[in-house]
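A short reminder: the numbers here are calculations on the coordinates, not readings from a lab. If you're wondering where the values come from, they're calculated on a predicted model, not measured in any experiment. Quick reminder, even Gly has a Cβ in these numbers, built from the backbone with ideal geometry, and neighbours come from all protein chains shown.
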Amino acid sequence: MIKKYSRYLPYFLIAVMLIWHSVLYAQQMRYPRPEFETQYTYPEYQYNYQRAPYWEYLDVAVLIAALSITSWLVIKKRSRQGIMWVSVFSLAYFGFYRQGCICAVGSIQNVSLALFNSDYSIPLSALLFFLIPLIFALFSGRVFCAGVCPLGAIQELTGFKKVKVNPKLEAVLGAIPYVYLGLAVLYSAVGSQFIICRYDPFVGIFRLGGPYTIIIFGALLLITGIYINRPYCRYLCPYGVLQGFFSRFSWKHLTITPAECRNCRLCEPSCPYGVILPSDNLKNTEVTEIGRKMKLIYGALILMMGLSLAYFFYNTAPLLARMDKRVSLAREIRLEKEKGIKAVSEAAQAFNESARTEEELFEEEVAVINRFRAGAPWVGLFLGLSLGIRFYRRIIRHPRTEYEPDRGRCVSCGKCFEYCPVKIKTE
Amino acid sequence: MEKRENNIKSRREFFRKAGRITLAVPLLSIPALLAKKAYSEVYVWQIDPYKCTACGLCKTSCVLTPSAVKCTNAYEMCGYCDFCPGFLRQGARAYDTGAENQLCPVGAIKRKFVEEPYFEYTIDEELCDACGKCVQACSDFGNGSLHLQIMHGLCVNCNQCRIARVCPSDAIKRVPADVPYMSKDLNKSITRKGAAQTKKTES
């Protein structure tokens, strides 16, 4: 009899232990509150507080002021030195004093989390940090990138040399930010995590401490940035994608020359980012126009690219969901249950100690994966369309009569100002 | 040639204008959509002590070194035990303040005699590094009055708290900055003014 049931003994013991654990947690007041005979009073606890909320509004005010000054410096005053001083200020204030939080780059995720989750209310300062630089981009180009963004400022101030990247390589690497933006919006929209903040390379430098992987990543970017200027802005920054969209249609924008362009070609080597679009006056080449038929074919191709990427992302949604904490915990618990691989992570231990059942966990997993499935196709569609249009823009060619910056990619750093021989602004 | 250039220029100008208007629409609609949900209230991160399992990740995962998380004692819950499981190591040779007998690896818990047989335990926040050993012991063998809290004098309030991302029991959440602590002190919440206000228990 005993022998027959003895194989169930371990399970029984584990059950008793687990139940005992919940009993322990349920009854934490094991010892009664003491009744002091002496005149003992409970110590007054000294809690510390964060800086008052109105300081957040000071940040917003500083942001608006810095953006206005940079716009004026870029468009009216045309002062590279002034932009550099704004960069120094931004690096000191938004970077080292405010320690890189909150920044406009990260605020994308707050907005996306708030748009798709009803239980999260976005702090007003985060919303304003997202919107104000975009409004300025619509009026005067990427002035935020020029000197206000602390991530841009630290790279601007350390970019000493000027190594030009092959335009084709630049075009390929320049597609990474679109993917990064899409994934960042997806992960925050499903309420999983903020990947932009997680992989922010310079926050460790601003805080003078952090995990060594991020510090090394930031240091490598800065070292690369000495030669290939602003690597984060060009090949990673997801906010730069949005800034580019808005800047492309901006009302005013930085111009290389203050008056009329003389096609002297002196500005050609000035731009470290290779965004100066050359004039066609000198080459005298006849630009071949793309026929209507080809345009239709390209349009259909772009649409197909969007749809196929949407399909691809729909199918990779469960894979993307694995980075989610809840899904990875559920996977671990299921592996333990089905294959006997012991769940050893902290999360699994915490789960075993908690009162949650496996069914609840698996239900949550399915819910999270479904949210990923709902969101991922849109990311794919966005990627397909925007990358398709990017490639299309490389094929079409409008004839230009003067040298001008590519409005989408120009960060308004003003390095081209001094190369232009036309100095006096003629009204 | 001249005419064609002008044509292209005006067409480009038109596209630019149209694009500007198209982009202004989402820019204006986002605040309109979020207007109801945008709070002028600031949010801060805090640990729910009833979810916390004192795993020790607060010590290693915070962006600050030492961590902004510190141990606190909810005095009104504390048993003032002579033999405090959070203070004394299990299997200690003697029940006194000798360093070899203490559980805390940095000696942050200070013990003060009140009256027979009660002792008061306070935490020196300068020393505490949020390893959670005392919290675990107090929860397992004591009243559970020792608990971890994020100290807002130290916390830099990251947009995404690094500890919250790795927290195995999802104990860290955003709370309004006006009520920044989730103290275990018998459902007392501490308001901004620092005065302890008793909340009505909802259970």
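Among A:Y54, A:Y235, A:Y180, determine the one that fluctuates most according to a GNM of chain A built with springs between C-alpha atoms less than 10 Å apart.
Looking only at A:Y54, A:Y235, A:Y180, the largest GNM fluctuation is found for A:Y54.
Mind jotting down the distance between the C-alpha centroids of segment A:300-327 and segment A:345-375, whole Å?
22 Å
Which of the trypsin sites (Lys or Arg not before Pro) found in segment A:56-109 are in a DSSP loop and have at most 13 neighbouring Cβ atoms, other than their own, within 10 Å?
none
Please give me, ordered by residue number, the trypsin sites (Lys or Arg not before Pro) of segment A:218-276 that lie in loop per DSSP and have at most 16 other Cβ atoms within 10 Å.
A:K252, A:R262, A:R265
Find the centroid of the Cα atoms in segment B:121-155 and in segment A:178-221, then give the distance between the two in whole Å.
30 Å
Most mobile of A:L383, A:L220, A:L131 per a Gaussian network model of chain A (Cα springs, under 10 Å)?
Answer for the Gaussian network model of chain A: A:L220.
Determine the shielding of peptide A:114-127 by partner chains: average, over its residues, the number of Cβ atoms on other chains within 10 angstrom of each Cβ.
That works out to 4 on average.
Could you sort out which of A:K252/A:K423; A:K325/B:K110; A:K252/A:K415; A:K342/B:K133 sit more than 27 Å apart by Cα distance in this structure?
Beyond 27 Å between Cα atoms: A:K325/B:K110.
Starting from 0 in steps of 5 Å, tell me what percent of the Cα-Cα pairs of segment A:87-162 lands in each bin.
Pair shares across the bins are 3, 16, 21, 22, 18, 11, 6, 2, 1, 0.
Compare the peptides A:122-128, B:10-16 by average per-residue count of other Cβ atoms within 10 angstrom and give them in order, highest first.
A:122-128, B:10-16
Neighbour counts of other C-beta atoms within 10 Å: give me A:H398, A:H253 arranged from fewest to most.
A:H398, A:H253
Compute a Gaussian network model of chain A, connecting alpha carbons closer than 10 Å, and tell me which residue from A:I83, A:I216, A:I290 fluctuates the most.
For chain A, modelled as a Gaussian network with Cα springs under 10 Å, the answer is A:I290.
When only Cα pairs under 8 Å and 6 or more residues apart are kept, what is the percent relative contact order across segment B:43-195?
39 percent
Is it possible to state the helix-based mean residue ellipticity at 222 nm for the protein assembly as shown, with each DSSP H run of 4+ residues giving -39500 (n - 2.57), the sum divided by total residues, to the nearest 500 deg cm²/dmol? What is it?
-15000 deg cm²/dmol, from helical runs alone.
Where a ≥ b ≥ c are the square roots of the eigenvalues of the C-alpha gyration tensor, would you call segment A:292-395 rounded, which needs a/c under 1.5, or, failing that, prolate if a/b is larger than b/c, or oblate?
Since a/c reaches 1.5 and a/b is larger than b/c, the shape of segment A:292-395 is classed as prolate.
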